[in-house]
1. Could you tell me which of the residues I94, I81 is modelled with pLDDT of 95 or more, under 18 Å from V115 (Cβ atoms) and touching a Leu at 6+ places or on another chain (Cβ under 7 Å)?
2. Hey, any hits in region 53-71 for a residue that's touching a residue at least 60 places away in the same chain (Cβ under 8 Å) and not in a loop (DSSP other than H, G, I, E, B)?
3. Residue by residue through region 47-66, note down the ones that are touching a Leu at 6+ places or on another chain (Cβ under 8 Å) and aliphatic (A, V, I, L, M).
4. Among the candidates A48, A5, A56, single out the residue that is out of contact with any Ser or Thr (no Cβ under 7 Å at 6 or more places or on another chain), surrounded by fewer than 17 Cβ atoms within 10 Å (Cβ to Cβ) and modelled with pLDDT of 95 or more.
5. Determine which single condition L109 fails, assuming it passes every other condition in (1) in a loop (DSSP other than H, G, I, E, B); (2) among the hydrophobic types (A, V, I, L, M, F, W, C); (3) within 15 Å of the chain's Cα centre (by Cα); (4) modelled with pLDDT of 55 or more.
Amino acid sequence: MRAIAGLTLVLSLIGCGTAYVETSSSRPERSLSSAPDDSAPPVDTDAAAIAAQACAQTQYERCVESVLTAIDTLPGSLVAICEYEEGQGDVVFIDAEAEAEGACSGDGLISPSRVVAVVQLP
């Protein structure tokens, strides 16, 4: 029940900035659909190259920006790049590659969805 309530919170915040959802796992699941920040520092070219490569196979319009935000937020983490309909998507933190499909689909509540890539952040 808590997972459903958390997912409902994530879905309600998708257009409102970064959503952080606490789950019962050892590390909270976080969503990184944040608005652009004009005051952000220059991007490391290695990080930009990693983000571009990770997002090469998706129609998710803000993929590169979201991966760079994830790198800044929790470097070294494992993330799943998710794609939804109409150019929408997300980058979610996961503990293991096996969690990617469930994290991207909201454990079956978000359809259609697909895992574009699982990436270990620098």
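The values are calculated or read from the model by the stated rules, or taken from the named source; none is laboratory data. All figures in this text were calculated on a predicted structure; none of them were measured in a lab. All Cβ positions, glycine included, derive from the backbone under ideal geometry; neighbour counts span all protein chains shown.
1. Numbers: I81 fails: touching a Leu at 6+ places or on another chain (Cβ under 7 Å).
Only one candidate passes the filter, namely I94.
2. Going through region 53-71, the residues touching a residue at least 60 places away in the same chain (Cβ under 8 Å) turn out to be 54-55, 57.
Now restrict to residues that are not in a loop (DSSP other than H, G, I, E, B): 54.
Yes, region 53-71 has at least one match.
3. Of the residues in region 47-66, the ones touching a Leu at 6+ places or on another chain (Cβ under 8 Å) are 47-48, 50-51, 66.
Selection gives A47, A48, I50, A51.
4. On the way: A48 fails: modelled with pLDDT of 95 or more; A5 fails: modelled with pLDDT of 95 or more.
That would be A56, the only listed residue that is out of contact with any Ser or Thr (no Cβ under 7 Å at 6 or more places or on another chain), surrounded by fewer than 17 Cβ atoms within 10 Å (Cβ to Cβ) and modelled with pLDDT of 95 or more.
5. Against the list (1) in a loop (DSSP other than H, G, I, E, B); (2) among the hydrophobic types (A, V, I, L, M, F, W, C); (3) within 15 Å of the chain's Cα centre (by Cα); (4) modelled with pLDDT of 55 or more, L109 comes up short only on (3).
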